[in-house]
1. Taking the condition touching a residue at least 24 places away in the same chain (Cβ under 8 Å), crowded, with 22+ Cβ neighbours inside 10 Å and either over 30 Å from A:Tyr274 (Cβ atoms) or in contact with a helix residue (DSSP H, G or I) (Cβ under 7 Å, 6 or more places away or on another chain) (or both), does A:Leu429 pass?
2. Of all the residues that make up region A:48-88, how many are assigned to a loop (DSSP other than H, G, I, E, B), β-branched (Val, Ile, Thr) and more than 14 Å from chain B (Cβ to nearest Cβ)?
3. Taking region B:240-270 only, how many residues are more than 9 Å from chain A (Cβ to nearest Cβ), assigned to a helix (DSSP H, G or I) and touching a residue at least 24 places away in the same chain (Cβ under 8 Å)?
4. Please go through region A:224-239 and give me each residue that is crowded, with 22+ Cβ neighbours inside 10 Å and more than 17 Å from the chain's Cα centre (by Cα), ordered by number.
5. In region A:52-65, is there at least one residue being buried (at least 18 other Cβ atoms within 10 Å of the Cβ), touching a helix residue (DSSP H, G or I) at 6+ places or on another chain (Cβ under 7 Å), of a type in the set (Val, Ile, Thr) and over 25 Å from B:Val414 (Cα atoms)?
6. In region A:195-218, is there at least one residue being more than 30 Å from A:Val444 (Cα to Cα) and either β-branched (Val, Ile, Thr) or buried (at least 24 other Cβ atoms within 10 Å of the Cβ) (or both)?
7. Inside region B:349-373, can you point out the residues that are closer than 12 Å to B:Val414 by Cβ and within 14 Å of another protein chain (Cβ to nearest Cβ)?
8. Considering only region B:215-250, state which residues are within 18 Å of A:Asn45 (Cβ to Cβ) and touching a Pro at 6+ places or on another chain (Cβ under 9 Å).
Amino acid sequence: MERAFEILKFFVLNAVFIITAMIFTAYLILTIFSAISLRKYLRKNSYVDYNSIVASPLAPSLSVIAPAFNESETIIDNIRTLLSLYYNNFEVVVVNDGSKDDSLEKMINAYELEKVNYYFDYRLPCKRIRGVYKSQNRSFKKLTVIDKANGGKADALNAGLNVCRNELVVSIDADSIMEPDALLKLVKPFMEAKEKRVIGAGGVIRIANSCEISDGHIQKVNLPKKFLPRAQVMEYTRAFLMGRMAWSELDGLLLISGALGMFDREIVIKAGGYHTNTVGEDMELVVRIRRYMTDNDLDYDVVYIPDPLCWTEVPSTVKVLARQRSRWTRGTLETLITHRKLFFNRKYGKLGMLGYPYWLVFEYLAPIIEFLGILWFIFLVITGDLNWPFFLLLFGFVYFFAVSLSIWSVLFEEMTFHKYERRRDVLRLMGTAFLEPLFYHPLVMLMSIKGNIDKLLNRNKWGKMERKGFGKN
Amino acid sequence: MRLKGTYLGLVLALTLVTMGAMATHGQVAVDSISSDSAMVETGQTVQEPVVVFSDYASRILARFKKSPLLITILYIVILYSILSLITLLIIILIHRSRLKREQKLKDNLLERYQQLLMDYLFDDQKQEAAFNELNTVAHSRINRQILIDQMIDLSVNLKGEIKEVIQALYIRLGLQKDSLEKAYHGKWHENVKGFRELAFMNIRDANDQIIKSLNASNDILRMEAQIAMVRLSDGNPYEFLALLEKPLSLWEQVTLHELQIQHNLKIPAFKQWFHLENISVVMFALEMVAWYKQRGVGKEILGLFEHEDEHVRFTSYKVCGEIGLKMSLPAMIKRYPEETFKNKLEILHTFTKVPDEKHLKFLKNVLDTEEDVQLQIEATKAMENTDEPGISMLIKLIKSKSEYKNYQIIIRHVLDGRIY
């Protein structure tokens, strides 16, 4: 028994060192790559005049698909915002995913909709489409509303894909606020493509809690007053400006947020559309279209744009956050299992050799390792084997490294988009960087563990996202 | 919406695992720390302190030398993190103040330049004084850059003689030297600025450099060179198209097209580029033919129906629809069976735009034989657009009991005027 315990200690000791070294190196490399990528992007885009595509007849046609479920409170304003986006050749397809509230009635009244004899084929799997609505009022000619039986977000997006006909599709959350020029910025990589076909593009999602919003537009950007959303601002800034930017540069991007992403419709359909049996449909789609391109020997690119293009309300209570994070964990696991063939598969290049292993080890397994670490830590405290001075030294080592990474991301934000104008907000954000590892992170880790348990117990619900609604902050 | 990439997770996870796992190793490490401390307390050190350090620093150094490598690394990382934290905090705060200060300076200068430029352009009495003052204020590089930007902004909205006055002032102030320097600079972003300024001010002294950049590997530089060539050309603004070796992206095409509209440039006969090997240029030329309705290109476009690139063929079919080229329809019917799905759809779309009852049989055949709903819908739309004969045929089909059921749904869809 004692021998086995010694072996276990020896194994953990060495394995942990190797992994720690790998992670710290990975973070440093990602930070450097994201800095290079950001600099390149900003320099390149400082010469761009987006106005040239606003009305250009040469610009590709777009369909913005917005699934909506019980969003009666906000749906009218949100559609108005979508219809006012800067772009010439686009349509807005709102999919009422079997809402139990009066969303459909409200839309019919507000936009003078009539049920039309629309013929669609179910080329992508989705629940029964009950009807397609259009307006005779020319002001709303860009709007199409689909009413269908409830089937979840992926199912609703597939219904939208079955009905829309344009070259590019934009999937968004109906309750998010898009920047007016978001489509212009997202479409640009597709228009710049030459040898490689761009099949997907995503942008930065920012947090709208506490921001001043009117007429469906962000008027003033404020840092959330509550700690929980503020910690998420820190988390999002780090993830978007450092993580994804670097992965885009490294061609290993596995995820474009479901809140806003633009895709080549033809490729999405050929790859089979959204997977309806997963709660991580956004990540799954990106991985699948990438696999489709590689399997068919087609050159492609998935692009990421660091511009803040979309604003969303994040959970402000622990209960709602727990549901969201449980869903994210289950979604990640489902995608990783579905596409396990990618793992260290040279055929898939950086996606298989870098992206997938990173996600498996550093994203999915991280909370599990952390949780086991806590159990091990408790065990050692109980047995009196823990070396407290060394514990404090290690804690300081990891804590300060983590905080410095967060502050780097604040610097990136400051040097690039500078969204928080008030000095006080930036100072508070930096303060949050110090508190987040102590109070927010352990919470998120436990929520992720819950996600794994939910998955094991087959509890595969999407989970209700209760929002306060914009303008009610 | 989901978010990934949270770095802190694993870092903290590993800390905890490490904290536990290191118990054994830590014992050794802490023994070492303790013995180190003991040595420091008693003043016993293994090596003599380095002279350049103070006594305290020497003791720290000695302690480091005695520590196991792991402990040393941990201390170094903690120290690095704390130092970088402090540095970053300072940088962020300084950066904010600097941004504010620069913006203020820029606003002041812009206001001043605006007034001086107005005086120079519209007040003969103040012209010389304004010139002298501009010359004085624009002493530094940054001030001159703000002045150049202001003059470009102004010239965008002006035409004719007054624009020429600005260009002359630009030369008189010697600002073209700055622009030329930028055009020949080693960094691409400087070249871009230089090309832009020279093109706005109609200075051709760096044309050799601009032509060289037409095939640069940097997208932005290449595009800016194209724009500059269009602006600086007298006769044919697009003659550089024949020189392009790299593909002309859709983004570049849109930019060139917008430039043409904004500056009301001379429109060439775009068919002259149909024969080029660079297919993106051919497609751009085709799009421009459609936009400017250059109808006398029937024969040349029909030739492109046989092009090996499917995108070129696609654009050719599209353009025939846009310019209403009826003579192309029989050739398209011939091409239809061999075409890709996307091109088939475009051919049918062209039949919708150029309705001709002579081809109803072909369209009915598509409706009967094609399995894909989009193709069926497009064929039905084309039939409907032929007016009376097509609509009668559709009504007959819809009433027919013997016909395949889908017809009715498709025809109802097409005949529903509320669907755009």
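The values are calculated or read from the model by the stated rules, or taken from the named source; none is laboratory data. Computed from a predicted structure; not experimentally measured. All Cβ positions, even for glycine, are placed from backbone atoms using ideal geometry, and neighbour counts span all protein chains on display.
1. For A:Leu429, the condition - touching a residue at least 24 places away in the same chain (Cβ under 8 Å), crowded, with 22+ Cβ neighbours inside 10 Å and either over 30 Å from A:Tyr274 (Cβ atoms) or in contact with a helix residue (DSSP H, G or I) (Cβ under 7 Å, 6 or more places away or on another chain) (or both) - is met.
2. So the answer is 1.
3. Count: 8.
4. A:Pro224, A:Arg230
5. Checking region A:52-65: at least one residue is buried (at least 18 other Cβ atoms within 10 Å of the Cβ), touching a helix residue (DSSP H, G or I) at 6+ places or on another chain (Cβ under 7 Å), of a type in the set (Val, Ile, Thr) and over 25 Å from B:Val414 (Cα atoms).
6. Looking for residues that are more than 30 Å from A:Val444 (Cα to Cα) and either β-branched (Val, Ile, Thr) or buried (at least 24 other Cβ atoms within 10 Å of the Cβ) (or both), one finds at least one in region A:195-218, hence yes.
7. B:Thr352, B:Leu367, B:Val373
8. Selection gives B:Leu250 alone.
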